[in-house]
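Novice: Sharing a structure, written as structure tokens. Questions coming.
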Amino acid sequence: MDIVTPGFGLIFWTTLTFFLLLFLLAKFAWKPILQAVQDREESINAALKAAESAKSEVAALQNSNEQFLKEAREAREAMLKEARSMRDKTIADAKEAASEEASKVLELARIQIDNEKKAAMAEVKNQVAQLAIDMSERILRAELKDAEAQRALVDRAMLDLKSGN
Amino acid sequence: MFLRYCLLFFAASAGSLVASSDSKLSGQHSVGSSQGHESHAAEAHDGDHAASEPDEAVFNPKEMIMHHIADSHGWHIMDWNEREIGIPLPVILWTREGLVVFSSSLFHHDSEGMHVAESGGQRFVNLHEKIYYASDAPNEHGIYAQADPITHEVTNLQPWDISITKNVASLFVSAVIILVLFTRAAKFYAKNSDAAPRGLAGFVEPLVVFVRDDIAKNNIGPHYKKFVPLLLTIFFFIWVNNLMGLVPFFPGGANVTGNIAVTMVLAFVAFVVTNFNGKRHYWNHILWMPGLPVAVKPLLAIVEIIGIFTKPFSLMIRLFANITAGHIIVLSLVSLIFIFETLWVSPVSVLLTLFISVLELLVTALQAYIFTLLTALYLGAALQEEHH
């Protein structure tokens, strides 16, 4: 059969044409096209990757912001709490110190008052004794101007002593 | 695929059936209608069929179809007022006395060996689109060739024929179309390096990327990059030539990818590329299949070695048969008008031809895809690395 017998001429020209076409296309068509397509794919991939990383960066930023906020809130809470407790403590301390001081002052005052009182009493006693001595001296002088009177006194005194025992 | 071979068979047998009944009826069909049969030597028929000119009144569809799917030395465009209009093509012969080049018009559109073309002091005849050294004198049918009386083979010697035939010319046209198409597309990228593809590049790029990703990358494996230009060239070479074959008028209509010589070259390229890139693993699996009893290994080696050749052989036959079948079906359907000799068949003919043509449009791409895909698959198998 003729149609299944390859002709030499057509084999020759097909080989020549095919390889020439392969060479020319590879150099002037496939290389630039494939290169351009690959470059574009790479740039798209890079852009996608950049977008992805930017997204994750934003997310991370948001996350850290929240973390910061939370931490700040916690710090504020802690500071407030501390301040409150400090205030309470200060007030309590002050109260205690004041009451202590007050009681100390009171004690001191009492002691002083006591002392004053004792001194006053001693003074009064002294004055009274002086006064008594003075009075008795005067009385004695008056009484003892005569011998009679002196005797009568001794007698009375003797009598007192006797009945006093 | 099976269906297509059935159609091919059907169309061919229908053609021959009509042809044989024709010759029986007319009884004077010897030289012309024997074309395509094993015996080309019309002059071997004896004097019963004295009239060597085919009867113009009787249409022989098989002869017409075989003529259309075969190659020829001139590019016949149409008949006008009983005159053939065509483009003469250069006939290039490597003869006993060196290179001879002359125009195919010297044969006067003859392919029955009746017209001797003289060039460079040598005489040639065109007998069924084969160039022979012409005999000194014609035989009784006016043919300048002699035939062996028993085998009916033409005994005249043939020069090496590297003429620019219709198929070669069509091949050049397709090659120019492909070149212009893709270099122009490539220019777009040179101008707009990072822009989205538009125009021609927008049309070409998905196809190129398809071949690169779906054919090359998926089937060849990690080292696919080196083979992408080859696969792209094979794909578009086949596709464009298939499409050109579907165009019913000049400069289409040649049956380039339906010619066994063309598919043979393409299959040979696939064969060479596959086996020259075969890695250790590939040859190991062919020559000494691991994991089998030693007794079986040589047997399998024989089968595998045959397989090396049957793979490209199947590529060659598949493309050839599919495209030729398409051409035969379309031509058969058109022939219906002339077989029934009535215009009333033409709507049926035209509609069926339209249907088949649309189907063929799909087949053009499909066959290009299958050829490229299988080449990539074979390459992938050859390049496979040992994986433990």
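Novice: Quick check: anything in the stretch B:197-211 part of a loop (DSSP other than H, G, I, E, B) and over 18 Å from the mean Cα position of the chain (by Cα)?
Specialist: Yes, the stretch B:197-211 has at least one match.
Novice: Hey, another quick one. Could you say whether any residue in the stretch B:253-268 is in a helix (DSSP H, G or I) and more than 9 Å from chain A (Cβ to nearest Cβ)?
Specialist: Filtering the stretch B:253-268 for residues in a helix (DSSP H, G or I) gives B:260-268.
In the following step, the residues that additionally are more than 9 Å from chain A (Cβ to nearest Cβ) were identified as B:267.
Checked against the condition, which is being in a helix (DSSP H, G or I) and more than 9 Å from chain A (Cβ to nearest Cβ), the stretch B:253-268 yields at least one hit.
Novice: (1) under 18 Å from B:ILE234 (Cβ atoms); (2) surrounded by fewer than 20 Cβ atoms within 10 Å (Cβ to Cβ): which one isn't true of B:LEU171, the others all being true?
Specialist: Single failed check for B:LEU171: (2).
Novice: Sticking with this structure for a sec: Just to check your reading of the model, which residue among B:THR375, B:THR324 is crowded, with 19+ Cβ neighbours inside 10 Å, hydroxyl-bearing (Ser, Thr, Tyr) and under 17 Å from the mean Cα position of the chain (by Cα)?
Specialist: Matching residue, one of B:THR375, B:THR324: B:THR324.
Novice: Would you check if there is a residue in the stretch A:105-121 being closer than 30 Å to A:GLN150 by Cβ, part of a helix (DSSP H, G or I) and open to solvent by 90 Å² or more (accessible area, probe 1.4 Å)? First the steps, then the outcome.
Specialist: Kept after step one, since they are closer than 30 Å to A:GLN150 by Cβ, are these residues of the stretch A:105-121: none.
Within the stretch A:105-121, none of the residues are closer than 30 Å to A:GLN150 by Cβ, part of a helix (DSSP H, G or I) and open to solvent by 90 Å² or more (accessible area, probe 1.4 Å).
Novice: Something else: Select from the stretch B:68-94 the residues that are among the β-branched types (Val, Ile, Thr) and either within 14 Å of chain A (Cβ to nearest Cβ) or in a helix (DSSP H, G or I) (or both) and list them in ascending order. Before you say what the answer is, go through the steps one by one.
Specialist: From the stretch B:68-94, those among the β-branched types (Val, Ile, Thr) are B:69, B:77, B:85, B:87, B:91-92; that's our starting set.
Answer for the stretch B:68-94, where residues must be among the β-branched types (Val, Ile, Thr) and either within 14 Å of chain A (Cβ to nearest Cβ) or in a helix (DSSP H, G or I) (or both): B:ILE69, B:VAL91, B:ILE92.
Novice: Another question about this same structure. When the residues of the stretch B:88-98 are narrowed to those that are without any contact (Cβ under 8 Å) to a residue 40 or more places away in the chain and surrounded by 10 or more Cβ atoms within 10 Å (Cβ to Cβ), which ends up farthest from B:VAL116 (Cα to Cα)?
Specialist: First, pick out the residues of the stretch B:88-98 that are without any contact (Cβ under 8 Å) to a residue 40 or more places away in the chain: B:88, B:97-98.
Among the residues that remain, those that are also surrounded by 10 or more Cβ atoms within 10 Å (Cβ to Cβ) are: B:88, B:97.
Details: B:PRO88: 16, B:GLU97: 18 Å.
Restricting to residues being without any contact (Cβ under 8 Å) to a residue 40 or more places away in the chain and surrounded by 10 or more Cβ atoms within 10 Å (Cβ to Cβ), the top hit is B:GLU97.
Novice: Specify which of the listed residues (A:ILE3, A:ILE11, A:ILE33, A:ILE44) is aliphatic (A, V, I, L, M), within 14 Å of chain B (Cβ to nearest Cβ), part of a helix (DSSP H, G or I) and open to solvent by 70 Å² or more (accessible area, probe 1.4 Å).
Specialist: A:ILE44
Novice: From B:VAL330, B:VAL345, B:VAL294, grab the single residue that is assigned by TED's automatic domain parsing to the domain that holds B:VAL228, assigned to a helix (DSSP H, G or I) and more than 25 Å from the chain's Cα centre (by Cα).
Specialist: Numbers: B:VAL330 fails: more than 25 Å from the chain's Cα centre (by Cα); B:VAL294 fails: assigned to a helix (DSSP H, G or I).
One residue alone meets the criteria, B:VAL345.
Novice: In the stretch B:132-142, what residues are open to solvent by less than 80 Å² (accessible area, probe 1.4 Å) and over 28 Å from the mean Cα position of the chain (by Cα)?
Specialist: B:SER135, B:ALA137, B:PRO138, B:ASN139, B:HIS141, B:GLY142
Novice: Further question on the same structure: Taking the conditions exactly as written (open to solvent by 60 Å² or more (accessible area, probe 1.4 Å), within 14 Å of chain A (Cβ to nearest Cβ), outside any loop (DSSP other than H, G, I, E, B) and not hydroxyl-bearing (Ser, Thr, Tyr)), does B:PHE182 satisfy them or not?
Specialist: So B:PHE182 does not fit the description; no.
Novice: Output the number of the condition that B:ILE220 fails; it satisfies all remaining conditions of (1) under 14 Å from A:TRP30 (Cβ atoms); (2) among the hydrophobic types (A, V, I, L, M, F, W, C); (3) away from chain A (no Cβ under 14 Å).
Specialist: With (1) under 14 Å from A:TRP30 (Cβ atoms); (2) among the hydrophobic types (A, V, I, L, M, F, W, C); (3) away from chain A (no Cβ under 14 Å) applied to B:ILE220, the lone miss is (1).
Novice: Report those strands (runs of 3 or more DSSP E) wholly inside the stretch B:95-164 carrying at least 1 residues which are at pLDDT below 85.
Specialist: In the stretch B:95-164, B:112-119 are the strands (runs of 3 or more DSSP E) which contain 1 or more residues that are at pLDDT below 85.
The values are calculated or read from the model by the stated rules, or taken from the named source; none is laboratory data. All figures in this text were calculated on a predicted structure; none of them were measured in a lab. A quick note on method: Cβ atoms are made from the backbone with ideal geometry, for glycine too, and the neighbour counts reach across all protein chains shown. Remember, those area values only see protein heavy atoms, side chains included, never the ligands or the DNA or RNA. Shrake-Rupley method; radii C 1.70, N 1.55, O 1.52, S 1.80 Å.
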